[in-house]
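Data first, discussion second: the structure below is written as structure tokens.
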Amino acid sequence: MNRKLRLLLSVLGLACLTPQADAQLGSPLFSLKHDTICKESEFVPDSIVSNAQTYRWSFCTPLLGAAPQSNSLGTGTLQLNTNNNLTTVRSGDFFYSFTANNDGRVFRYQYEDGIEALPIVTDLGHFQFSTPSAPSGTSVIETASGWHTFVIGRSTNGARLVRLDFANGLNYPMTGYHTYDVLTRLGNPRELFTVVVNDTVRAFTFDNNEMKRIDFSANLDSIATITNFGTMGGVFDGVSGIAAVREMDNFHFIVTNETSHKLTHITFGNSYLNLPFAIDLGSLSGDIDAPAGIAVVKNCNDYYGYVINKNNAEWVVLHWPASIAGTPTSEVYDLGTNLLLPTALSNAVRENGAVYMHVVNSNNALTVIKYDNCTNASVGGSNLRVPPLVKYDQAGIYSVSLIVDEGLASERSFCLPINVVEYPSINLTTQDTLICSGDTINMHALTFGTDSIVWSPNYNINTLKGNFVSVWPEYSQVYTVTFNFAENCIVKKDFNIKVDKVVADAGIDRLITDGSTSMIGGPNTTLRNDFTYEWTPNLFFESNPDTTIAWVRPAQNMTYYLTVTAPSGCRSIDSVLVRVPCEDIRLPNAFVASTQTFGLLNLQLTQVNYFRIYDRWGREVFSTSNPGTHWNGRNQQGIECALGTYVWEIDAYCKDTNQRFRKSGNVTLLR
């Protein structure tokens, strides 16, 4: 632990023991720059091995010793038929499972929507009945020539072994198949495990309760030898599952025996080509009862195994602390209706830190078993060689583990504990704040024992260092303050400053002629359905004043104000001046008496001495001193006037300037 951090934590009463890696198994695949870090302090592993084909990181290990989550996918289009075999592998971005039905058909499941979703099902057929009609084992392996799926079992005329080839990848159609002559070499084979040793594919099966190793030729077209290891002390009885485990440089099988209700541990030493020896682990006080399959998962320094009991739908959790050697402890869980007389358990696979398996039930439904990763790490797991930056949100001791070349003969694993401790107390202002555009907000970050406090980004902020800052963002912005307590204790806190952007644009000032209309409102006003818009004062409007654009016909110079208000209460106000000069008399030169009237268009001529109209003989037909009174085309006796040209004269004063206008002109009366 960093000396400065240790001293600081001792002062706070938070010092704790540094975790040790003495119990680690296997050669180091990575290192940690610090074995103790602060909560929320980011890190990434160092010195990562570079020659692996695949990488599986886990930063927040699931609770593998507890009851799992389980979810039935139903029967759907899965086309299962009381299958007792299921193997899952990962290729590229997807997982694939292979299983063989009791009618000999082989199926490929492609999980394009994730390992928890219903897969795409491909019926690969039975290849003119070359596959066993009673298949008992499938195994999938990748070699230099592509992917291969092996299926073993019995037919009416004896044992059968078939290989399906996918030279272009598991997501492409099958490119061929090959049938091996095993009628005189195998009797009643059960289960299958394949592995590449010395560039040659080897397969292990249990034939009439004897373990046998099948060595294929280099091109896989024939069987070179079959080595019979015998009953190995009579520990096999109806083998129903094989879980292969590599611990350091030693290889092991954990085998379930359906008939004898027991587990068997097989050890090969440092090579699958060695002479193995077997140990009877027994029934674990009766917890193992007609087991139909087994899967084993490595968890840093220990191992967890999972067994499905066929007759009572039980889920049995096994635990080997520190090493796969020895007899495990066991715990039985009831998963309810999601397990119904299970007949097959797939191997375990990892995705984003979580562990998944699939169970085939006797009703031909498929159940997903999930051990979800813990949620205290920002990154649960990763398939990248160099994973993203990781941080923990709770103090504690966590395991950082890496498995490389998972499922291959070159598979290796390594794990290191990391101690996460509390950082010194930090006092912050509200970190999630809403402000109005144009406002300034003050923020502070108070603590002790830090080398520096740095703020970012450098955007509308008065300083980048210190406990107190002021910011005035125009748009929503996340500001980050970084506390550098020590090299292994760098803590970042975010301030999410959300800006309610409210803009009012009343438009540009304008000059209009007296009596005309004008549009007010500009293009930059913020438009949102939940905003309100209001024009004031509410005078001389020709349209709705509660919109962003309005029409006015002012009788004088007017300043209009547009107020835009957000639900948050943020508002913006802008104004526009509409000037209406009193410059001239405005009258039309013609009108249709049946639909129109004739009168002043001006609104500012509020004092009229007289407004008179004469016919062509000089007779007065209309007279008023009211600027709002118009001539309707009739004489003073109410009789319609004849069509033609009439003379008007006016004497009036402007309201604002008191300027006098005396003017005459002509108007044509139409009907």
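Miscellaneous remarks
- Scanning region 476-520 for residues that are in contact (Cβ under 8 Å) with a residue 60 or more places away in the chain, farther than 27 Å from residue 559 by Cα and among the polar types (S, T, N, Q) returns 488, 496.
- Inside region 163-188, residues that are farther than 24 Å from residue 111 by Cβ and either without any contact (Cβ under 8 Å) to a residue 24 or more places away in the chain or of a type in the set (A, V, I, L, M) (or both) make up a count of 5.
- Counting only strands (runs of 3 or more DSSP E) that fall entirely inside region 309-421 and contain at least 3 residues that are of a type outside the set (Val, Ile, Thr), the qualifying elements are 314-320, 329-334, 354-360, 366-371, 396-404, 412-421.
- Only one entry of 123, 93 meets the criterion of being assigned by TED's automatic domain parsing to the domain that holds residue 215, loosely packed, with under 15 Cβ neighbours inside 10 Å and modelled with pLDDT under 95, and that entry is 93.
- For beta carbons closer than 8 Å, sequence separation of 6+ or different chains, a first residue in region 535-560 that is assigned by TED's automatic domain parsing to the domain that holds residue 523 and under 21 Å from residue 602 (Cα atoms) and a second that is at pLDDT below 95 and of a type in the set (Phe, Trp, Tyr), the qualifying pairs are 552/540; 553/540; 554/540; 555/540; 558/540.
- Lone qualifier among 222, 217, 240 - being closer than 26 Å to residue 410 by Cα, surrounded by 15 or more Cβ atoms within 10 Å (Cβ to Cβ) and at pLDDT 95 or above: 240
- Considering (1) surrounded by fewer than 20 Cβ atoms within 10 Å (Cβ to Cβ); (2) on the phi < 0 side of the Ramachandran plot; (3) under 43 Å from the mean Cα position of the chain (by Cα), the lone condition that residue 198 does not fulfil carries the number (2).
- The listed residues are 128, 53, and the only one of them that is at pLDDT below 95, out of contact with any Cys (no Cβ under 6 Å at 6 or more places or on another chain) and closer than 23 Å to residue 179 by Cα turns out to be 128.
- Residue that is farthest from residue 178 (Cα to Cα) [pool: residues in region 144-162 that are in contact with a Leu (Cβ under 9 Å, 6 or more places away or on another chain) and among the polar types (S, T, N, Q)]: 157
- Residues in region 275-308 that are closer than 18 Å to residue 248 by Cβ and outside any strand (DSSP E or B): 276, 300, 301.
- Test: residue 482 is out of contact with any Lys or Arg (no Cβ under 7 Å at 6 or more places or on another chain) and either among the hydroxyl-bearing types (Ser, Thr, Tyr) or more than 29 Å from residue 575 (Cβ to Cβ) (or both): no
- Counted as qualifying within region 225-274 are the strands (runs of 3 or more DSSP E) with 2 or more residues that are of a type in the set (Ser, Thr, Tyr) and assigned by TED's automatic domain parsing to the domain that holds residue 192, namely 262-269.
- Here the condition is being crowded, with 21+ Cβ neighbours inside 10 Å, assigned by TED's automatic domain parsing to the domain that holds residue 409 and touching a residue at least 24 places away in the same chain (Cβ under 8 Å); of 115, 37, it holds for 37 alone.
- Residue in region 338-364 that is nearest to the chain's Cα centre (by Cα), counting only those that are small (Gly, Ala, Ser) and modelled with pLDDT of 95 or more: 348
- Looking across region 511-533, not a single residue is hydrophobic (A, V, I, L, M, F, W, C), buried (at least 18 other Cβ atoms within 10 Å of the Cβ) and out of contact with any strand residue (DSSP E or B) (no Cβ under 8 Å at 6 or more places or on another chain).
- Region 612-643, residues that are of a type in the set (Phe, Trp, Tyr) and either within 19 Å of residue 513 (Cβ to Cβ) or surrounded by fewer than 19 Cβ atoms within 10 Å (Cβ to Cβ) (or both): 614, 617
- One residue stands out in region 57-79 among those that are surrounded by 22 or more Cβ atoms within 10 Å (Cβ to Cβ) and in contact with a Ser or Thr (Cβ under 6 Å, 6 or more places away or on another chain): the one that is nearest to residue 339 (Cα to Cα), namely 61.
- Out of 114, 65, 74, 104, one residue alone is under 18 Å from residue 163 (Cα atoms) and in a loop (DSSP other than H, G, I, E, B). It is 104.
- Criterion (closer than 23 Å to residue 45 by Cβ, of a type outside the set (Asp, Glu) and at pLDDT 95 or above) met by exactly one of 400, 390: 390
- Taking the criterion of being under 12 Å from residue 204 (Cβ atoms) and in contact (Cβ under 8 Å) with a residue 24 or more places away in the chain, the residues of region 214-231 that qualify are 214, 226, 229.
- Given (1) surrounded by 21 or more Cβ atoms within 10 Å (Cβ to Cβ); (2) part of a loop (DSSP other than H, G, I, E, B), number of the condition residue 98 does not satisfy: (2)
- Taking region 595-611 as the range and being surrounded by 15 or more Cβ atoms within 10 Å (Cβ to Cβ) and within 26 Å of residue 558 (Cα to Cα) as the test, the residues that pass are 599, 600, 602, 603, 604, 605, 606, 608.
- Counted as qualifying within region 432-510 are the strands (runs of 3 or more DSSP E) with 3 or more residues that are surrounded by fewer than 18 Cβ atoms within 10 Å (Cβ to Cβ) and more than 31 Å from the chain's Cα centre (by Cα), namely 441-446.
- Meets criteria (surrounded by fewer than 22 Cβ atoms within 10 Å (Cβ to Cβ), under 30 Å from residue 311 (Cα atoms) and touching a Leu at 6+ places or on another chain (Cβ under 8 Å)) for residue 82: no
The values are calculated or read from the model by the stated rules, or taken from the named source; none is laboratory data. What you see is a predicted model, and the numbers here were worked out from it, not measured in a lab. Here Cβ is always computed from backbone atoms with ideal geometry, including for glycine, and neighbour counts include all displayed protein chains.
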